[in-house]
Every structure is written in structure tokens, then in C-alpha cells.
């Protein structure tokens, strides 16, 4: 125990050497306790409350962000499904339009072919009529020429009966040609 007493005596000597007074230390301790209490009560406690409130807001925000992310993912899935349905519907409409266009083209082609055939038939009939008309005109012209030539060769005027007979003979000759 002697070393403890010697240390205590050394401490007292040390306290007096540095000029430490126990009353001032107690007052300093009380002042520090009051300052710590005031700081805790009016600075640290409200700051901690604000930090807790911010933490709760951050947690709520994170939960909302997760919920929003889930909703976004669901919306993307729904949008993709709707896009796929729209694409299928669009392809169906395009196919129907192509089919309708093909049918319309076929109907128009058939109608055009029918009109062309009708025009060809009319043209053929017109050609035949023109051909018959031209043959009739040629026959009558040839018959007139034959009669005129015959009158000049025979040097006499033909009667109507003679003319009719020559016309018929010329017509028969021309039809065989």
C-alpha cells in the first residue's frame, strides 16, 4: 500500500503544481452537464427526430419506388401484349385487304376480258357487215361495168330483162370466186 499512498501524495503534489482547484472542476463539470443537457434536448434530440422522419420518408419512398417499378413492369407486359394483339390484328387486316384486292383484281380482269370479247365480237360483226357491203358494192359495180361493156361490145341497148340476166350471171360468177 505504500506505493498507493505515495501515488496519492504524488497526485496531491501534482494538483497543487498545476494549480487545479477542485471547486472549479466541479463547476466545470456542472456547466458541461447543463450544456450537454441543453444540446441534447434542443439540438441532438430534434436532429435525431428529423433524421428518423427522413429515414421513414426514405423507406416509404423506396417502398413506393418498388411498387412503381412493379407497376411499370406490369404496364410494360400489358403494353407488349396489346402491341402483339395490335400487330396480329393489323396483319389480319392486311391479309384481308390483300385478299379483297386480289378478288377485285380478278373480277376487274374478268369484266375487262368480257368487255374486250364483246368489243371483238362487235368488231367482227362490223367487219363482216362491211365485207358484205363492200362485196355488194363491188358486185353492183362489176355488174354495171359488165353491162356497159356488153352494150358497147354488142353496140345495142339492152332491155331490163337482159340486164337482170347479165347481173345474175355476174353475181353467180363472183360468188364462186
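Just to be sure, is residue 157 at pLDDT below 95, out of contact with any strand residue (DSSP E or B) (no Cβ under 8 Å at 6 or more places or on another chain) and outside any helix (DSSP H, G or I)? So residue 157 passes the test.
Is it true that residue 135 is over 25 Å from the mean Cα position of the chain (by Cα), modelled with pLDDT under 90 and part of a helix (DSSP H, G or I)? Against the criterion (over 25 Å from the mean Cα position of the chain (by Cα), modelled with pLDDT under 90 and part of a helix (DSSP H, G or I)), residue 135 qualifies. Looking at 44, 20, just one residue is modelled with pLDDT under 95 and outside any helix (DSSP H, G or I), and that residue is 20.
From the list 138, 170, 123, 143, the one residue that fits, being surrounded by fewer than 11 Cβ atoms within 10 Å (Cβ to Cβ) and without any contact (Cβ under 8 Å) to a residue 40 or more places away in the chain, is 123.
Only a single item in (1) over 22 Å from the mean Cα position of the chain (by Cα); (2) assigned to a helix (DSSP H, G or I) is not met by residue 101, and it is number (1).
The values are calculated or read from the model by the stated rules, or taken from the named source; none is laboratory data. Everything numeric here is computed off the predicted structure, so don't read it as measured data. Positions of Cβ are backbone-derived with ideal geometry, glycine not excepted, and every protein chain shown enters the neighbour counts.
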